[in-house]
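Chemist: Below is one structure. I have some questions about it.
The values are calculated or read from the model by the stated rules, or taken from the named source; none is laboratory data. Keep in mind that what you see is a predicted model, and the values were worked out from it rather than measured. Backbone-built Cβ (ideal geometry, glycine too); neighbour counts: all protein chains shown.
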Amino acid sequence: MKKPAFRKKSGPDEAPEPVGSSRPAEPAEAAPAAGASRFAGKAGGTRTTPSLLAAAVVLAAVFGIAQVRPPAAPARADAAAAPSTAQVERTAAVCPQPLQGLTGSTTLTAYTPPGTGPATGGAGWLADAAAPAVPAAQPSGTPSAAATPTPTAPATPAATGSGAPAAPVPDKNAAPADARLTLAKPGTPASGPAANGDTASGTGAVGSGALAPGFTVTQTTVVTEQRGLGLSGLTCTPAGTGFWFAGASTAGDRVDYLSLVNTESSAAVVDIKLYGDKGLIENDAANGLTVAPGSSQSVLLSTLSKGAVTDLAVHVVVRSGRIGAALHAADGNKGADWIPASAAPAATQVLPGLPADTSSARLVVWAPPEDDADLKIQLSGKNGWFTPAGNESIHVKAGMVAAVDLGKVTRDEVAGLRLSPSDDKHPTPIVAGLRVDRAAGNGKSDAAWLTGSNPVGARATVADNRAGASTLFLTSAGDAATVRVTASAGSGGGTPATKEVQVPAGGTVALPAPEPAGLNGVFALTVETLSGGPVVAARMLSIPAKDVPMFTVQALRDDHSTVKVPQAAQDPGVVLR
């Protein structure tokens, strides 16, 4: 079925008015006499002297109060320098439109690891298209300012003078009445279906209180039609203002859609930049796209690329507002999956998760317009880093995309891939993606896309794991590491299981995911770095269907469940500075 180039979902008919468009007029100020500046004073400074005297009185009063009420004893120098750690109190994520066709099915799974902090209460939920907006000044994933007790201000009388009580302010963290899925407690995942059909919208997800630290949502889609055949999965990401994707295409049977979902309360304006082997592809239609609040929109890349382009890098730039962005690739009956958003451009990129039975792999790399990139290609095997014969390096021209076919690069061993500068004195920040294909003996295949990933850090989680279907890939990008892997209870029951894994320096270890005893339903996997590293990790979910080796791979990312809070102390001397 042919899809339209642009599709809008469930958004309001109009974007909100520009800021300030409805602000009441301020009282007019008396105009200065003609020919005189309103800031000019009379001779002798008759207007300046009272101002100075008033300022001196205020300073004296403030300093006097500070002396009458001296501050507490100052904190020790070492304590003042070290910020404290606090758990996040609200986490939000955005899931894209499923792009499942008419007959595909999509599962949403939410999970929060058991907490060790003081947070209690809260809610976890998913709802179609929109979620309560996070205030613009507060980045998602940081402690909410609303959690700090503040004095209650007296109610403002209604403008009409009717005396009617003010409407209660809705709790932005409470689950809405039409929530598609709710998470009851940490430690046990919740799973349910997304909307059906070809017009399903994106999804907003929120975890608050005790359900905020590590709150994770996974979206998994199975399509058995010939077009779009395959297993597509991704971990839903926070809304943001910039996203990179490497490995898109508009050539052959490829049908690639960029999904834009706005769960905020104001419209977003988005530019889409496409880069190919000849550089930036100019197209005015890719600039200034408006995504209405609470809406989803899909953009067919072939309408923007001005012809077939085999290898593309896509940069989504949000001029105003924030959105969730994801890129879905479908290659006819050869496979389909989400191309995950890449880590920020960096001189070294590590891509974890190459299966041992990789039948083919294609590497796509973008370099910035400022400089060429000369890169070493290395694989992380069971004993450390090594250079694949015949594919030792890649050269990428400034502002362009380069690609290379790596073939059966893993040679029946699991691996991670690293790109790093050929000359350490000439680092160039890059973006990289890798298409991985697995083929069955009957010639049927599926594809997944890997991308440059950050280390798991202290803790990372991926939800929606199934009995006998999940494999975990752990790569140490530095020193030898010890990692703890925990399988949660199942969504329908089961006892958590834990396993410690040793990862050699520069090596990759693959293990069937530990499973909870008495598993019923789906479960989550949590990876914690105990020592060494840094460690990058990925999970492969393999669900064969209709003799097709369907699979999808997701990198695990640091859940940033805690933040650093700077120390503060009273300083009355500030009034003298």
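Chemist: Determine which member of the set Gly443, Gly468, Gly399 is surrounded by fewer than 21 Cβ atoms within 10 Å (Cβ to Cβ), assigned by TED's automatic domain parsing to the domain that holds Ser232 and either over 27 Å from Gly521 (Cα atoms) or over 22 Å from the mean Cα position of the chain (by Cα) (or both). So that I can check it myself, show each step before the final result.
Modeler: Details: Gly443 fails: assigned by TED's automatic domain parsing to the domain that holds Ser232; Gly399 fails: assigned by TED's automatic domain parsing to the domain that holds Ser232.
Gly468 is the lone residue from the list that is surrounded by fewer than 21 Cβ atoms within 10 Å (Cβ to Cβ), assigned by TED's automatic domain parsing to the domain that holds Ser232 and either over 27 Å from Gly521 (Cα atoms) or over 22 Å from the mean Cα position of the chain (by Cα) (or both).
Chemist: Return the residues of segment 464-479 that are out of contact with any Ser or Thr (no Cβ under 8 Å at 6 or more places or on another chain) and in a loop (DSSP other than H, G, I, E, B); say none if nothing qualifies.
Modeler: Arg466, Ala467, Gly468
Chemist: Here's something else I'd like to know. Going by the structure shown, is Asn262 polar (S, T, N, Q), at pLDDT 95 or above, assigned by TED's automatic domain parsing to the domain that holds Gln100 and surrounded by fewer than 17 Cβ atoms within 10 Å (Cβ to Cβ)?
Modeler: Numbers: polar (S, T, N, Q): yes; at pLDDT 95 or above: yes; assigned by TED's automatic domain parsing to the domain that holds Gln100: yes; surrounded by fewer than 17 Cβ atoms within 10 Å (Cβ to Cβ): no.
Judged against the criteria, Asn262 is not a match.
Chemist: If you go through segment 420-443, how many residues are part of a strand (DSSP E or B), of a type outside the set (S, T, N, Q) and either closer than 25 Å to Val548 by Cβ or touching a Leu at 6+ places or on another chain (Cβ under 8 Å) (or both)?
Modeler: We begin by selecting, within segment 420-443, every residue part of a strand (DSSP E or B); these are 420-421, 430-439.
Narrowing further to those that are of a type outside the set (S, T, N, Q): 421, 430-439.
Checking which are either closer than 25 Å to Val548 by Cβ or touching a Leu at 6+ places or on another chain (Cβ under 8 Å) (or both) leaves us with 421, 430, 432-439.
Residues meeting the conditions: 10.
Chemist: Report, ordered by the first and then the second residue, all pairs with beta carbons closer than 9 Å, sequence separation of six or more or different chains, a first member in segment 390-408 that is at positive phi, and a second member that is of a type in the set (A, V, I, L, M, F, W, C) and assigned to a strand (DSSP E or B).
Modeler: Sorted first by the residue in segment 390-408, then by its partner, the pairs are Gly399/Leu280; Gly399/Trp366; Gly407/Ala361.
Chemist: Here is a further query. Restricting attention to segment 532-565, and to residues there that are assigned to a strand (DSSP E or B) and of a type in the set (Ser, Thr, Tyr), which single residue is nearest to Gln87 (Cα to Cα)?
Modeler: Kept after step one, since they are assigned to a strand (DSSP E or B), are these residues of segment 532-565: 532-542, 545, 548, 551-556, 558, 562-565.
Retained after the next criterion (residues that are of a type in the set (Ser, Thr, Tyr)): 542, 552, 562.
Values: Ser542: 34, Thr552: 31, Thr562: 4 Å.
Here the residue is Thr562.
Chemist: For the structure I just gave you, tell me whether Thr199 is within 20 Å of Pro113 (Cα to Cα) and surrounded by fewer than 24 Cβ atoms within 10 Å (Cβ to Cβ). If you could, list the steps in order and put the result at the bottom.
Modeler: Values: within 20 Å of Pro113 (Cα to Cα): no; surrounded by fewer than 24 Cβ atoms within 10 Å (Cβ to Cβ): yes.
So Thr199 does not fit the description; no.
Chemist: Then there is this: Considering only residues that are among the aliphatic types (A, V, I, L, M), crowded, with 16+ Cβ neighbours inside 10 Å and closer than 23 Å to Thr91 by Cα, look in segment 551-576 and name the one that is modelled with the lowest pLDDT. Spell out the reasoning first.
Modeler: Of all residues in segment 551-576, those among the aliphatic types (A, V, I, L, M) come to 553, 555-556, 563, 565, 568-569, 574-576.
Checking the rest, the ones that are also crowded, with 16+ Cβ neighbours inside 10 Å come to 553, 555-556, 563.
Checking the rest, the ones that are also closer than 23 Å to Thr91 by Cα come to 555-556, 563.
Details: Ala555: 97, Leu556: 97, Val563: 80.
The residue in question is Val563.
Chemist: So is Thr410 outside the structural domain of Leu472 (by TED's automatic domain parsing) and farther than 21 Å from Leu556 by Cβ or not?
Modeler: Working: outside the structural domain of Leu472 (by TED's automatic domain parsing): yes; farther than 21 Å from Leu556 by Cβ: no.
No.
Chemist: May I pose another question? Here is a list: Ala477, Ala537, Ala513. Which entry is of a type in the set (A, V, I, L, M, F, W, C) and over 25 Å from Val365 (Cβ atoms)? Full working, then the answer.
Modeler: Working: Ala477 fails: over 25 Å from Val365 (Cβ atoms); Ala537 fails: over 25 Å from Val365 (Cβ atoms).
Just a single option satisfies the conditions, and that option is Ala513.
Chemist: I'd like the full set of residues that are touching a Gly at 6+ places or on another chain (Cβ under 7 Å), farther than 17 Å from Val365 by Cα and part of a strand (DSSP E or B), limited to segment 378-419.
Modeler: Answer for segment 378-419, where residues must be touching a Gly at 6+ places or on another chain (Cβ under 7 Å), farther than 17 Å from Val365 by Cα and part of a strand (DSSP E or B): Ser380, Trp385, Ala415.
Quick grid of which residues meet (1) assigned by TED's automatic domain parsing to the domain that holds Gly187; (2) among the charged types (D, E, K, R); (3) at positive phi; (4) surrounded by 24 or more Cβ atoms within 10 Å (Cβ to Cβ):
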{"site": "Leu511", "(1), (2), (3), (4)": "yes, no, no, no"}
{"site": "Glu515", "(1), (2), (3), (4)": "yes, yes, no, no"}
{"site": "Leu519", "(1), (2), (3), (4)": "yes, no, no, no"}
{"site": "Ala524", "(1), (2), (3), (4)": "yes, no, no, yes"}
{"site": "Val535", "(1), (2), (3), (4)": "yes, no, no, yes"}
{"site": "Ile543", "(1), (2), (3), (4)": "yes, no, no, no"}
{"site": "Pro549", "(1), (2), (3), (4)": "yes, no, no, no"}
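Chemist: Could you pull out the residue among Thr461, Thr482 that is surrounded by fewer than 22 Cβ atoms within 10 Å (Cβ to Cβ) and either at pLDDT 95 or above or part of a loop (DSSP other than H, G, I, E, B) (or both)? Talk me through it step by step, then tell me what you get.
Modeler: Details: Thr461 fails: surrounded by fewer than 22 Cβ atoms within 10 Å (Cβ to Cβ).
Result of the check over Thr461, Thr482: Thr482.
Chemist: Now, a different point. Given the condition within 25 Å of the chain's Cα centre (by Cα), of a type in the set (Gly, Ala, Ser) and surrounded by fewer than 24 Cβ atoms within 10 Å (Cβ to Cβ), answer yes or no: does some residue in segment 368-383 qualify?
Modeler: Checked segment 368-383: no residue is within 25 Å of the chain's Cα centre (by Cα), of a type in the set (Gly, Ala, Ser) and surrounded by fewer than 24 Cβ atoms within 10 Å (Cβ to Cβ).
Chemist: Checking the conditions here, which among Pro421, Pro388, Pro345, Pro429 is modelled with pLDDT of 95 or more, more than 23 Å from Leu229 (Cα to Cα), more than 22 Å from the chain's Cα centre (by Cα) and surrounded by fewer than 24 Cβ atoms within 10 Å (Cβ to Cβ)?
Modeler: Numbers: Pro388 fails: modelled with pLDDT of 95 or more; Pro345 fails: more than 22 Å from the chain's Cα centre (by Cα); Pro429 fails: more than 22 Å from the chain's Cα centre (by Cα).
From the options Pro421, Pro388, Pro345, Pro429, the qualifying one is Pro421.
Chemist: So for segment 298-306 (the condition being more than 30 Å from Lys546 (Cα to Cα), among the polar types (S, T, N, Q) and more than 24 Å from the chain's Cα centre (by Cα)), does at least one residue qualify?
Modeler: yes
Chemist: Does Ala184 satisfy the condition of being under 30 Å from Pro429 (Cα atoms) and surrounded by fewer than 24 Cβ atoms within 10 Å (Cβ to Cβ)? Don't jump to the end; show me each part of the working.
Modeler: Working: under 30 Å from Pro429 (Cα atoms): no; surrounded by fewer than 24 Cβ atoms within 10 Å (Cβ to Cβ): yes.
Criteria not met by Ala184.
Chemist: What number of residues within segment 312-327 are touching a Pro at 6+ places or on another chain (Cβ under 9 Å) and closer than 21 Å to Asp277 by Cα?
Modeler: Taking segment 312-327 first, the residues touching a Pro at 6+ places or on another chain (Cβ under 9 Å) are 321-322, 324-327.
Add one more test, that the residue is closer than 21 Å to Asp277 by Cα, and what stays is 327.
Residues that pass the stated criteria total 1.
Yes/no per residue for (1) assigned to a strand (DSSP E or B); (2) in contact with a Lys or Arg (Cβ under 6 Å, 6 or more places away or on another chain); (3) of a type in the set (Lys, Arg):
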residue	(1), (2), (3)
Ser491	no, no, no
Thr498	yes, no, no
Ala505	no, no, no
Leu530	yes, yes, no
